[in-house]
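Read the structure below first, then the notes.
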Amino acid sequence: WILDTIFDLGMRLVRVGIASPNAADFRSHHIGTLPLEYDYTYEKREEDMRRFSPDLVLSNYPPMIPLDGIHHDAIPLSPDVGFRTGLKVARRWSQILRLPAVEGWKLDGGGEDI
């Protein structure tokens with residue numbers, strides 16, 4: 001459902017990373033059309049974030065050290081059910097993307113090192 005929501009919104013998907021090396025762990029009617037990578041490690045995700053500089057990264061776990069300028073949101077492990085689930089997550093992404101990618105409090109002090 002999350003992929004359907006992404007495509008319905010016209011979002012550009014640059015990677016679907018599955019942590020498991022086992023292809024049987026991922027089922028979707030989009031198989032064959034996805035930029036899909038199995039055995040997707042934290043290091044690969046970090047490399048892709050630097051390379052693609054996406055507007056939004058969706059994952060089951062947040063990065064340990066987020067990169068400035070990239071928004072993150074968690075894929076819900078137990079999502080709501082029903083038609084409105086996609087609408088709720090679309091609204092959430094819309095709100096996240098409206099926020100500044102670099103929080104203003106990080107700029108306090110005029111950029112001087114502490």
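The values are calculated or read from the model by the stated rules, or taken from the named source; none is laboratory data. Just so we're clear, the structure is a prediction, and the values are computed from it rather than from any experiment. When we count neighbours, we look across all protein chains shown, and the Cβ atoms used for this are built from the backbone with ideal geometry, even at glycine. Note: areas computed on protein heavy atoms with side chains; ligands, DNA, RNA excluded. Shrake-Rupley method; radii C 1.70, N 1.55, O 1.52, S 1.80 Å.
The table for this structure:
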item: Scan of region 56-89 for residues that are free of Cβ contacts under 8 Å to residues at least 60 places away in the same chain, outside any loop (DSSP other than H, G, I, E, B) and either open to solvent by 40 Å² or more (accessible area, probe 1.4 Å) or among the polar types (S, T, N, Q) (or both), ordered by number; result: LEU58, SER59, HIS72, ALA74, ARG84, LEU87, LYS88
item: Positions within region 19-35 being within 26 Å of LEU87 (Cβ to Cβ) and either among the aliphatic types (A, V, I, L, M) or in contact (Cβ under 8 Å) with a residue 24 or more places away in the chain (or both), in sequence order; result: SER28, HIS30, ILE31, LEU34
item: Pick from region 71-88, criterion touching a strand residue (DSSP E or B) at 6+ places or on another chain (Cβ under 8 Å) and not charged (D, E, K, R), ranking: nearest to PRO54 (Cα to Cα); result: HIS71
item: Only listed residue being closer than 16 Å to LEU9 by Cβ, β-branched (Val, Ile, Thr) and at pLDDT below 90, chosen from ILE70, ILE75; result: ILE75
item: Region 91-102, residues that are touching a residue at least 24 places away in the same chain (Cβ under 8 Å), farther than 18 Å from VAL16 by Cβ and surrounded by 10 or more Cβ atoms within 10 Å (Cβ to Cβ); result: ILE96, LEU97, ALA101, VAL102
item: Only one of PHE26, PHE52 that is open to solvent by less than 80 Å² (accessible area, probe 1.4 Å) and modelled with pLDDT of 90 or more; result: PHE52
item: Residue in region 11-22 that is among the basic types (Lys, Arg), modelled with pLDDT under 90 and at negative phi present; result: no
item: Residues satisfying the stated conditions in region 15-55, i.e. among the charged types (D, E, K, R) and part of a loop (DSSP other than H, G, I, E, B); result: ARG15, ARG27, ASP39, ASP55
